[in-house]
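Peer 1: One structure follows; several queries about it will come next.
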Amino acid sequence: MKLLFHTTLYLLLCLGALAQENPWWKETTVYQIYPRSFKDSDGDGIGDLNGIISKLDYIKGLGFESIWVSPFFKSPQGDFGYDVADYRAIATEYGDMATCDLLIEEVHKRGMKIIFDLVMNHTSDQHEWFKNSKSSPDAEKRDWYIWRDGKKPNGKRPPNNWKSMIGGSGWHYDETTGQWYWATFLPFQPDLNYHNPEVKKAMLDVARFWLDKGVDGFRLDIFNTIYEDTSFANNPFSLKMIPGEENPNGYFQKVKYTQNHPQSFEFAKELRAILDEYPEPKYLVGEVFGDTETLRKFCGENADGLHSIFLFKTLKTKMKAKHLYKMIEEFEEAFPEPYVPVYVYSNHDKVRSISRYKENEKIARLQAMLQYTVRGIPFTYYGEEIGMKQAYIPLKEGKDPLAKKYEKMPQWLVNMSGQSLNRDECRTPMQWDTTASAGFCQEGVGPWLPVNEDYREVNVQLLSKGDNSFQSLVQNDNIRRLYSRLTYLRNSESTLRKGSMELISYKKGVLAYSREHEGQEIVVYLNFTNKRKSIQTKPGRILDQTEFNAMMGVYVKDNYALQPYQGIIIKMNAPSTRK
Ligand code: GLC
Ligand code: MG
C-alpha cells in the first residue's frame, strides 16, 4: 500500500515536471539552409554538406538552435532536390552517407537540432519505383503511382480536369503503356499513390530510417497534396485564377479532389505516431496551403498530428500595425497552446524580405523583432540575417524549372504579380566575405548561380565587425547584430520562449503586445509609421531596440517617444510581492 502511494506520488511528480518542460522544438529557433547555395567546400561551385559543417559555428554563434536543410538526397536535380531518386542516398555533389552522418553528429555536438526536408508527395521520375511503375501495366510497382486511362474514345485526352499546382493539366501521357500519370507539381515529379498500403509503409520507413540516424524532425514538402480522391471526379468550377497559399483554388477550379483531402489530415496523425515511438521528442512542420481553419486540421483535434504548420498569411499581410494585429489575433485563435504558430517571412521559394520591403531595412528590422518576440517558432532563411537581397535574373536565364516553364511570360507581368517565378533570385550564393564569389566557393570557380552584385557591402565578414563594447555596438549596429541580439534575448528571457501572448493595441500605427510568464512581463512596441509616436507604458527596462543606441538598457517610467519605424522590447518591473 505504502509502495503504491509512493509510486503514485513519484509518477505525479514526474508528470508535473513534464508539464513544465517544453519539448525542444517548442522553444527553438531555426536557420534554413539551401545546401546548393550555402558553402562550397570541394570546388565545383555547388554548396555541399562539408560546406555546411564548416559553417555550423557561424550559425550557432548567431544564436540559432536548429537547422533545417533543404533536400540533398540522390536526385537528377530537375527541381534541385525536390525530385528525389533515392530517399536513403546522398546526391554525390553534396557528399556521401558518411558526411551526412558527420553533419548530424556535428550539429548535435553543438547542442543543436537538425531537421531534414521530406518530400513525400512525389518522387523523381528517375526513382527506381517510378521506372518500374512505368515499364508495363502489370509492373510490380504499377500501383505505386496514380495511373488512369484517358478519356474515351481513344484515351488521348487527360482522364479528368485536374490541374497541377503550377498550372496546366497535372496528367501526363505515357507512350509505353498508353495511360496517364498524375503529378501535382512538375511533370517529372509523379505523385505517389498513398491509397496503396505498400507505398505508405515504404515512406513511413524512410522517415524511420532518418529518425533512427538521429535526425530530430522533418519539414514536410507540400503535405496537403498527399491524397487525391479515388472518385477521380472533376474538380468544381471556381472564379479564381491564381492560386495562393491561403486559398489554393485556381486556374478556374476548386482543389476539392486534389488538395487538403480528409485522408491527408489522417495521414498526418499516422506519421506523427511514428515520431512518438521515439523516446526523445521529434518534430514535424508542414508546408500546407489553405485557410487557417484547414491548416489547423493537419495538427489534429488533440494536437496529435503535425506539430506545426507554416503560416504564409504573413507574406500577404501589410506591414501595418492594424493588419498585423488582426493577423496575430487570427493565428492566436487558431493555434492556441499547446499549438504553436510559425510565422513565415522567408524561404527558398519566396522573395527575400528586404526586397519585399522595397529595401527599407527599417521594416526588415521590425519584422525580425516581431518574428522573434511573438509566440511562435521563428524560421530564418540563410542570408536574411545579413539582409541579402533578391537578385534580378530574367526568366529565360533561370535554372529554376518554374522559370523555364514560364519562360515566355512577359517580364512586366511577372513583376506585377509580386511573386518570384524565377526562384533562382532568392537562391543566390551566401555572401560570406569580399573575396571573389563572396567566399562561397574558391577563386576561379564559377558558382552555380551568380553572386549578387552587392556582396562587397552585404556580407557576413563586414557585418560582423566590431566587438561587444557599448561604443562598438552603437557604431557597428546592423541587421546581423539585431538578429544575434534577438536570438540571445530569446535564450535568456524564458518569457519570450514560454510566455503567453496578449495583444494590446494598434493605436496610432504602433503595434503593441505583451508576453507573460511566471509573474514576468515583457511588452513589445513596434512603430510601423514614418512618424515619431509617443507611447504610454508601465515602468520597465529597455531590453532591445531595432537599432542599437544609447537608450539600450535604460529604465523608462511611463512614456516613451518611439522614432519612425522603431521597435522596442521593454521588460516590466516585477510586481512587488509585498503589500
Ligand atoms: C515545395 C518546395 C518547392 C518545390 C515544390 C515541389 O513547394 O518548397 O521548392 O519546388 O514543393 O516539391
Ligand atoms: Mg499527391
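Peer 1: Calculate the FRET efficiency for residue 195 and residue 242 from the Cβ-Cβ distance with a Förster distance of 30 Å, rounded to the nearest 0.05.
Peer 2: So the FRET efficiency works out to roughly 0.50.
Peer 1: Let me ask something additional. Out of the chymotrypsin sites (Phe, Trp or Tyr not before Pro) in region 248-334, which ones are loop residues according to DSSP with at most 14 other C-beta atoms within 10 Å?
Peer 2: Sites meeting the loop and neighbour criteria: 252.
Peer 1: Run through every distinct alpha carbon pair of region 243-334 and return the Kirkwood hydrodynamic radius in angstroms, one decimal place. Each step should come with its number before you reach the end.
Peer 2: Details: mean 1/r = 0.0690 Å⁻¹.
Result for region 243-334, one decimal place: 14.5 Å.
Peer 1: How much net charge surrounds residue 570 when only other residues with a Cβ under 15 Å from its Cβ are counted (Lys, Arg +1; Asp, Glu -1)?
Peer 2: Net charge around residue 570: +1.
Peer 1: Taking the Cα atoms of region 494-572, report the difference between the largest and smallest coordinate on each principal axis, in whole Å and largest first.
Peer 2: That works out to 35, 26, 20 Å along the principal axes.
Peer 1: Here is a follow-up. For the pair residue 126 and residue 276, what calculated FRET efficiency results from E = 1/(1 + (r/R0)^6), where r is the Cβ-Cβ distance and R0 = 35 Å, to the nearest 0.05?
Peer 2: 0.55
Peer 1: What's the Cα-based Rg to Rh of the chain, Rh via Kirkwood?
Peer 2: 0.98
Peer 1: Test of understanding: ordering 535, 104, 504, 146 by Cβ neighbours within 10 Å, fewest first, what list do you get? Please report the intermediate quantities before stating the final value.
Peer 2: Working: 535 20, 104 17, 504 14, 146 25.
Ascending Cβ contact count within 10 Å gives the list 504, 104, 535, 146.
Peer 1: On to the next question. Which of the aspartates and glutamates could a cross-linker span from residue 213 if the Cα-Cα distance has to be under 17 Å and same-chain partners fewer than 8 positions apart are dropped?
Peer 2: 86, 96, 101, 105, 106, 117, 205, 276, 277, 280
Peer 1: Could you pull out the pairs from 151/408; 318/571; 320/358; 533/557; 326/350; 297/399 whose alpha carbons sit more than 25 Å apart here?
Peer 2: Listed pairs above 25 Å: 151/408; 318/571; 297/399.
Peer 1: Starting from region 360-462, pick out the GluC sites (Glu not before Pro) whose DSSP state is loop and whose Cβ has at most 12 other Cβ atoms within 10 Å.
Peer 2: Counting only loop positions with at most 12 other Cβ atoms within 10 Å, the GluC sites (Glu not before Pro) in region 360-462 are 443, 457.
Peer 1: Then there is this: To check you understand DSSP bridge types, tell me what percent of the beta bridges within the chain (both residues inside) are antiparallel, rounded to 5.
Peer 2: 65
Peer 1: Run the simple label-point estimate for residue 435 and residue 561 please: 7 Å along Cα→C-beta, distance reported in nm.
Peer 2: Reported label-point gap for residue 435 and residue 561 is 4.8 nm.
Peer 1: Which loop-located GluC sites (Glu not before Pro) does region 148-256 contain, where loop means any DSSP state but H, G, I, E or B and the Cβ has at most 16 other Cβ atoms within 10 Å? Kindly include the intermediate steps, with their values, before the conclusion.
Peer 2: Details: sites: 175, 198, 228, 245, 246; in loops: 175, 228, 245, 246.
Taking region 148-256 and a limit of 16 other Cβ atoms within 10 Å, the loop GluC sites (Glu not before Pro) found are 175, 246.
Peer 1: Additional query: Determine the calculated [θ] at 222 nm for the chain from helices alone, applying -39500 (n - 2.57) to every DSSP H run no shorter than 4 residues and normalising by the residue count; nearest 500 deg cm²/dmol. Working shown, then result.
Peer 2: Values: 20 runs with 174 residues, N = 579.
About -8500 deg cm²/dmol.
Peer 1: Provide the gained length on full extension for the span residue 232 to residue 445, in nm with one decimal, where the gain is 0.36 nm per separating residue minus the Cα-Cα distance.
Peer 2: Result for the pair: 71.7 nm of gain on full extension.
Peer 1: Report the net charge of residues surrounding residue 447, where surrounding means a beta-carbon distance below 12 angstrom and charges are Lys +1, Arg +1, Asp -1, Glu -1. Don't skip to the answer; put the middle values down first.
Peer 2: On the way: positive: 36, 39, 399, 427; negative: 40, 44, 424, 443.
Result for the local shell: 0.
Peer 1: Whole Å is fine, so just give me how far the alpha carbon centre of region 429-475 lies from that of region 339-370.
Peer 2: What the calculation gives is 20 Å, centre to centre.
Peer 1: In addition: Mind giving me the FRET efficiency for residue 139 and residue 266? R0 is 30 Å, r the Cβ-Cβ distance, nearest 0.05 is fine.
Peer 2: With a Förster radius of 30 Å, E is 0.60.
Peer 1: Among all the lysines, which ones have a C-alpha under 17 Å from residue 131's C-alpha, if same-chain residues fewer than 8 places away are not counted?
Peer 2: 74, 141
Peer 1: For residue 340, what charge total do you get from the other residues with a beta carbon under 13 Å from its beta carbon, if Lys and Arg give +1 and Asp and Glu give -1?
Peer 2: Summing Lys/Arg as +1 and Asp/Glu as -1 gives +2.
Coordinate-derived values only; no laboratory data. As the structure is a prediction and not an experimental result, all values here were calculated from the model. Positions of Cβ are generated from backbone atoms using ideal geometry, with glycine treated the same way; all protein chains shown enter the neighbour counts.
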